[in-house]
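Okay, so here's the structure we're looking at.
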Amino acid sequence: MKKSWPVLSYEKGKPTYETLQLWTQILGKIKLATLPWANHSWNCTLHITPTGLSTQNIPYINKDFQIDLDFVSHQLQIATSLGEIRDFDLHNLNVADFYKLIFEKLNELEIKIEILTTPSEIDNPIPFELDTVHKTYDTVQATNFHNALCDIQDVFLIFRTDFIGKSSPIHFFWGGFDLSLAFFSGEKAPRHPGKMPGMPDWVLQDAFSHEVSDFGFITGNEAHPEAAFYCYLYPEPKDYKLGKVMPAEAFYNEVLGQFILPYSAVQSSDNPEQKLLEFLRSTYTIGAKLANWKSDLWEENRNFKNEISITI
């Protein structure tokens, strides 16, 4: 029996997604203020867990700590290596309340951190401490969002086994509120022009320092108001948009400059995992061929699970 993927509605979920994006930005900025820089901003991304999204381990002076958004118990939880625990409920909180509570809990743990409180990659941002506008946390929408992330990550893990070049972790970018997996050709790319709201140009130039094929998932936005999978190549080669992408529901979005596959087409499929893999492999093949990526970066069906279980 195949796993059933949750239904996602941008219309119903939008207020919750907007609040969660701002909450995740606070967590990401705490990582950014604490951890040393890693290429492509990988030091400050969030990661999927069985219960939600996590900062993972953050070292701080005489202890380590971790912050989790738990969409099962619907709490924010802070745990330290000294066995200290702090938490609070996610219901009925606006962004300003969330910001105040998380720093109160960190101060109780003697973790003193300052962040830039202006949201990133958002037009007309409201500083976190002043934002009483975004205050929706619908448990059904949060749960469906989390379950979808888990299902998608499972497929991305399979897809990543075929690529043997430099690849990113499967991680969550809080600026764009998207799950992402990136493959790199190893060749340097033209300097990116930057120009992203609330982001220094050098951050984008670091992110796109080398040729990259980026695959991901968004819950939707004003430009594309439905949950979807995407793929783009930087720099985009000539005739990329003309590639015969699969499955049939996939298409090239001229406004976004990306191949798009609606999440609903995957969710409603008899075999969601296979349909998503078809899109991911198709878009990689189109881009890698047109951009002249080395053929030995790709070895499809590299599944050593059975061999490893026998030999280790």
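Based on the mean of other beta carbon atoms within 10 Å per residue, what is the order of 187-194, 142-149, most packed first?
For the peptides 187-194, 142-149, the packing ranking is 142-149, 187-194.
Here the Debye sum runs over all C-alpha atoms of the range 167-312 as equal scatterers in vacuum, and log10 of I(q)/I(0) at q = 0.11, 0.17 Å⁻¹ comes out as -0.46, -1.07. Once the other residues with Cβ under 11 Å from the Cβ of V95 are scored (Lys, Arg +1; Asp, Glu -1), what is the net sum? Here the count lands on -2. Once you reduce the range 183-260 and the range 110-182 to the center of their Cα atoms, the two points are 17 Å from each other. For the range 10-130, a Kirkwood hydrodynamic radius built from all Cα pairs, placed in the Stokes-Einstein relation at 37 °C and 0.692 mPa s, yields a translational diffusion coefficient of 220 µm²/s.
Once divided by 2.2 N^0.38 Å, the Cα radius of gyration of the chain becomes 1.02. Every helix of 4 or more DSSP H residues in the chain counts as -39500 (n - 2.57), and over all residues that averages to -10500 deg cm²/dmol at 222 nm. In a simple Cβ point-charge model (Lys, Arg +1; Asp, Glu -1; nothing else charged), the chain has a dipole of about 600 debye relative to its Cα centre. Farthest towards the positive end of the charge dipole of the range 139-297, among the residues H224, G194, P169, is the Cα of G194, using unit charges on the Cβ of Lys, Arg, Asp and Glu.
The charge dipole of the range 139-297, taken about its Cα centre with unit charges on the Cβ of Lys, Arg, Asp and Glu (plus for the first two, minus for the last two), comes to roughly 440 debye. Pairs exceeding 26 Å between alpha-carbon atoms, taken from K31/K241; K31/K105; K29/K63; K29/K238: K31/K241; K29/K238.
The alpha-carbon of K244 sits under 16 angstrom from the alpha-carbons of these aspartates and glutamates, leaving out residues fewer than 8 places away in its chain: E236, E254, E278.
Bear in mind these aren't lab numbers, they're just calculated from the coordinates by the rules spelled out. For clarity, every value in this text was computed on a predicted model and none was experimentally measured. Quick reminder, even Gly has a Cβ in these numbers, built from the backbone with ideal geometry, and neighbours come from all protein chains shown.
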